[in-house]
Amino acid sequence: MVKKICKWYNVCPMRKFYEEDKLDRKWIENYCFNGGRDCKRYEMEAKGIPHPDNMLPDGTIDETL
Ligand code: SF4
């Protein structure tokens, strides 16, 4: 399967958290390497709606981030 990387991956805090070993790879695989499909961060970014850095791709807040 060819990975389709989300257009916001380079600037997304999820990438930073992942590279700092704070975020499970499943999020990156399921969302960021899936073109941002179904990602709440992606949707809010596209609509210009502010969202916290610790909001996960499914829209839940991770207080540990
Ligand atoms: S968390 Fe969402 S917006 Fe951020 S890079 Fe991954 S898919 Fe894109």
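Key figures
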| item | result |
| --- | --- |
| Residue count, the stretch 20-63 (criterion: polar (S, T, N, Q) and under 19 Å from residue 7 (Cβ atoms)) | 2 |
| Enumeration of residues in the stretch 30-43 that are at positive phi and either more than 12 Å from the ligand (Cβ to nearest atom) or free of Cβ contacts under 8 Å to residues at least 24 places away in the same chain (or both) | 38 |
| So residue 53, is it on the phi > 0 side of the Ramachandran plot, assigned to a loop (DSSP other than H, G, I, E, B) and exposed (fewer than 15 other Cβ atoms within 10 Å of the Cβ) | no |
| Matching residues in the stretch 37-64 - criterion: being in contact with a Ser or Thr (Cβ under 9 Å, 6 or more places away or on another chain) and farther than 16 Å from residue 24 by Cβ | 40 |
| Those residues of the stretch 1-30 which are of a type in the set (Phe, Trp, Tyr) and either within 14 Å of residue 62 (Cβ to Cβ) or loosely packed, with under 14 Cβ neighbours inside 10 Å (or both), in sequence order | 17, 18, 27 |
| Residues satisfying the stated conditions in the stretch 44-65, i.e. out of contact with any Leu (no Cβ under 9 Å at 6 or more places or on another chain), over 15 Å from residue 9 (Cα atoms) and in contact (Cβ under 8 Å) with a residue 40 or more places away in the chain | 64 |
| Positions within the stretch 29-64 being out of contact with any strand residue (DSSP E or B) (no Cβ under 9 Å at 6 or more places or on another chain) and of a type in the set (A, V, I, L, M), in sequence order | 46, 49, 56 |
| The stretch 31-40, residues that are of a type outside the set (A, V, I, L, M, F, W, C), over 17 Å from residue 62 (Cα atoms) and crowded, with 16+ Cβ neighbours inside 10 Å | 34, 36 |
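Listed here are the residues, each with its yes/no results for (1) under 10 Å from the mean Cα position of the chain (by Cα); (2) within 11 Å of the ligand (Cβ to nearest atom).
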{"residue": "8", "(1), (2)": "yes, yes"}
{"residue": "18", "(1), (2)": "yes, yes"}
{"residue": "24", "(1), (2)": "no, no"}
{"residue": "28", "(1), (2)": "yes, yes"}
{"residue": "45", "(1), (2)": "no, yes"}
{"residue": "55", "(1), (2)": "yes, yes"}
{"residue": "59", "(1), (2)": "yes, yes"}
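Read the figures in this text as sums done on the coordinates, not as results from a lab. Please read all numbers here as calculations on a predicted model, not as lab measurements. Neighbour counts are summed over all protein chains in view; Cβ atoms, including those assigned to glycine, are modelled from backbone coordinates with ideal geometry.
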